[in-house]
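Encoded as structure tokens, the structure appears first; notes follow it.
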Amino acid sequence: MYSLVVNGKTETCSKNKKLMDFLREDLRLTGTKDGCNQGSCGACSVLINGRVSKACLFTLEKLTGKEIVTIEGLEPRQKEVYAYAFAKTGAVQCGYCIPGIVISAQGLLNKKAEPSDEEVRKAIRGNICRCTGYVKIIEAIQLAAKLFREELSIPAEQSSGKLGEDLKRVDAVEKTLGTGLYVDDITLPDMLHASAVRSQYPRAKVVTINSAKALEHPDCVSVLTAKDVPGNNKIGHLEFISDWDVLIPEGEITRYVGDAVALVVSKNRESLEEIRALVDVTYEELIPMITCEEALAEGAPQIHEKGNILSHEHLIRGHADEQLAKSKYVVTQHYSVPINEHAFMEPECAIAMPEGEAGILLYSAGQSIYDEQREVARMLGVDKEKIHVQAKLVGGGFGGKEDMSVQHHASLAAWCLQKPVKVLLSRQESLMIHPKRHGMEMDFTTGCDEEGHLTAMKAVIYADTGAYASLGGPVLQRACTHAAGPYKYQHIDVEGFAVYTNNPPAGAFRGFGVCQTAFAIESNLNLLAEKVGISQWEIRYKNAVEQGDSLPNGQLVSKNAALKETLLAVKEAYETAEIAGISCFFKNSGIGVGLSDVGRCIVSVEEGKVHVRTSAACIGQGMATVTTQVACETLDLPPEMIIAEAPDTHRTPDSGTTTASRQSLFTGEATRRAAMQLRYELDMGRALSDIEGQEFYGEYSAKTDPLINDKKNPVSHAGYGYASEVAVLDEKGKVEKFVAAYDMGQVVNPKAAQGQIEGGIVMGMGYALTEKFVMEEGYVKAKYATLGLLNATQVPPIETILVQAKNIHDGLAYGIKGVGELATIPTAPALAGAYYALDGKLRPTLPMEDTFYQKRKNK
């Protein structure tokens, strides 16, 4: 028997388990989060005898008699202060890391009442945050320190909640204090646990699956195979490309190491690994194709029946070859960017259970409950209405939670066994299984005249889309539509191929293909600027589009665009720095290119409050706060009167996937339209009590043109955001500062907007300088600890400037434009420009070689 004191109370356990498991499973102290179970992320931080420690690294035998304090065990005054400070500063996004960071902060403040910023950064360097970029978190800890030190009371504050105000996030307090529920925080009576047996090889024929020994295990309830799938064994995020097997059948060939061959179901989570090992799968190993070149080689085996090319795009406007031949200066360069990992803080988890007659209730943490409903229904062979999906808090996504990962397996097991079933991926499984950012090989040719006016460009892009389609086709499209940059020239020729390989699938990731091509085109601009004899800033300002110009794709620039204004905002920072690089870029809001793209919202009056009901997933960006503020703006009601409901297929209409920086614009406009109907009733003199129980429906559908069309000025997307970033280096090549100016239209919430930008910049900095997803011959060798994620001590100061055009409200949703994806795009190009300014060496690969960060790592 092991005995320890947890939050002032003596607790005992007969098993020598990990402290994290004891806290979460036995004591139900779920504020301690399981982010990696490897001691790398800090989400499970607790105080052990006053010292900040990671609960996943200690077993109970090492803790006899010791005092443990979790987030739940903080004193009421401490909870009050942290809840206020983290909400006030905008330090909370997905929230999964925040309780662990609060514990690290308390460990610091127990020792030092007035810490410096450097001391705060060191105190939380063991806590990874993938959302915020740490800037607002450091501000929050300093504010908490001041409140404690000066014994200040929490100020009473009020906000109208209207657009442009720093309304505190509606979910900030529950996320800070660890009371909000993520899926893995939930346990149900008689709940079973399931886990997949994964392929031993990237490419192999499954000869036989023998589950006899596994079924003899006392905890084993069932072993499911493809034969047990009642409906379609193929799923896929895009309805028209369902090529991903739920379970690989006997006689079929695996496509990557993440492929599920069987699903074991156990009474206890602890025995899942034992049971999986007892499932005997025999394989015929085959040679994998791990590069686009290998997959496209003559005679290469077909990964899918249609062949090894998922999609091919060829975007032509004008006469690129002719113009390049006449150009004064031309540069041609090959660029190579790698597969990249999302590293969201919360590993994937889902719980499914029987509901009603032949139905399923699914608790999910994905990016679209209606996509999940559709895919699960198809797998089970039932009507969509039989699948009821509810979203819980989502601990980060960045695109990595658009595809099915655990939802379908939990639903299959619950359907077959008629019991609640939880499926939770370990961090290592997550790294192995979910889709990544596309690795790309790119050849870019760009020309300009003698004064630096761009004339034409050509590009050929090969995208490694991995084993399954995911969103590889749309990602390639976006890479192509943005490849020429936000510049006013019309002669372009961009050809792209998304190629199947036996690597993990590649799909949506913040930037959606544009991070890759932006790195290439912006680097080419720096080479041209040098040939012309002008600065990196000047070549961009000379060519930047403004209102009324045509983008390279032909779309007219809207009246609320402010790209040149962002360049002017960072000009001084660029020109006064000794060593600096600059990038400006753009990113669409909305799916566009002629596809269906709809935002929907129901506003209802219930028990005297206004309920805003939309299925738009919050993956950290603060969607509930956005809809709350749009409702406050439209209705002229205080935020206390607004309740933004969580996504639920029984309550909230389909607002599409949280992707393409679309939700603030699309669901924001749908919310405005629904709220305007209620506003009309209120303006007619009716009180809320008179409208009790009424519902008002709003919908916005964008009309855009297909990628290939004959229009002079097609509408490719509903809108665009623009940004300019300057990266400043010291003489050693260390990043000294970022200055970023963003045109995101009407700013909903300034602190939240800054937080999105800061987080995006830090993610882009990691992509450019430190992050590596290590693979060998199709096998994932990456571990969370070795991904190269930046901690708080490695992040430089970030100055954010929010720029607006004069015609800010020219557009939908009060002129709101998305910023989530845009925030990551200019960073790597700006850093590439800075290093080119440092030593004149072009670095055409990511992460960039021969930098302060690579050198330090090698030492």
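A short reminder: the numbers here are calculations on the coordinates, not readings from a lab. Predicted model only: the values in this text are computed from it and were never measured. Ideal geometry is used to build each Cβ from the backbone, glycine not excepted, and the neighbour counts take in all protein chains shown.
The residues neighbouring VAL803, those whose beta-carbon lies less than 9 Å from its own, together hold a net charge of -2 under the Lys/Arg +1, Asp/Glu -1 convention. Neighbour counts of other Cβ atoms within 10 Å put THR132, THR627 in the fewest-to-most order THR132, THR627. For the pair ASP730 and LEU152, a Förster radius of 56 Å applied to the C-beta separation gives a FRET efficiency near 0.90, rounded to the nearest 0.05.
Could you compute the net charge surrounding HIS438? Neighbours are other residues with a C-beta less than 15 Å from the C-beta of HIS438; K and R count +1, D and E count -1. Can you show the working numbers first?
Values: positive: LYS436, ARG437, ARG478, ARG510; negative: GLU313, GLU341, GLU402, ASP403, GLU441, ASP464, GLU771, GLU821.
Spelling it out: positives minus negatives among the neighbours equals -4.
Modelled this way, with points 7 Å down the Cα-to-C-beta line, the labels at ASP26 and LYS111 are 2.9 nm from one another.
Set against the labelled values (i) 1.12; (ii) 0.98; (iii) 0.96, Rg/Rh (Cα atoms, Kirkwood Rh) computed from this structure falls on (iii).
Computed extension gain for ASP850 through GLN428, at 0.36 nm per residue and net of the alpha carbon distance, reaches 149.0 nm.
Give me the extension gain from SER689 to LYS781: residue separation times 0.36 nm, minus the current Cα-Cα distance, reported in nm with one decimal. It would help to have the intermediate numbers written out before the result.
On the way: separation 92, 0.36 × 92 = 33.12 nm, distance 6.04 nm.
Answer, rounded to one decimal: 27.1 nm.
Our helix-only sum for the chain, with -39,500 (n - 2.57) per DSSP H run of n ≥ 4 divided by its residues, gives a mean residue ellipticity at 222 nm of -8000 deg cm²/dmol.
Stretching the chain fully between LYS15 and GLU284 yields a gain of 92.7 nm (0.36 nm per residue, less the alpha carbon separation).
Only sites in a loop by DSSP and with at most 14 other Cβ atoms within 10 Å count here; which trypsin sites (Lys or Arg not before Pro) in the range 745-804 make the cut?
Details: sites: LYS751, LYS772, LYS781, LYS783; in loops: LYS772, LYS781, LYS783.
In loop regions of the range 745-804 (DSSP not H, G, I, E or B), the sparsely surrounded trypsin sites (Lys or Arg not before Pro) are LYS781, LYS783.
For the range 1-175, the square roots of the Cα gyration tensor eigenvalues, ordered a ≥ b ≥ c, give a/c of at least 1.5 with a/b greater than b/c, which places it in the prolate category.
Give the order of CYS220, CYS416, CYS601 when sorted by the count of other beta carbons within 10 angstrom, beginning with the fewest. Intermediate results must be reported in sequence, preceding the final value.
Numbers: CYS220 21, CYS416 18, CYS601 30.
Exposure proxy ranking, most exposed first: CYS416, CYS220, CYS601.
Relative contact order for the chain: what percent, with Cα pairs under 8 Å and sequence separation of 6 or more? If you can, show how the numbers build up before the last one.
Numbers: 2247 pairs, mean separation 120.2, N = 859.
For the chain, the relative contact order is 14 percent.
Using Cβ counts within 10 Å as a stand-in for footprinting exposure, how do LEU278, LEU4, LEU247, LEU665 rank, fewest first? All intermediate terms of the calculation are to be shown ahead of the outcome.
Details: LEU278 18, LEU4 21, LEU247 24, LEU665 29.
Starting with the residue having the fewest Cβ neighbours, the order is LEU278, LEU4, LEU247, LEU665.
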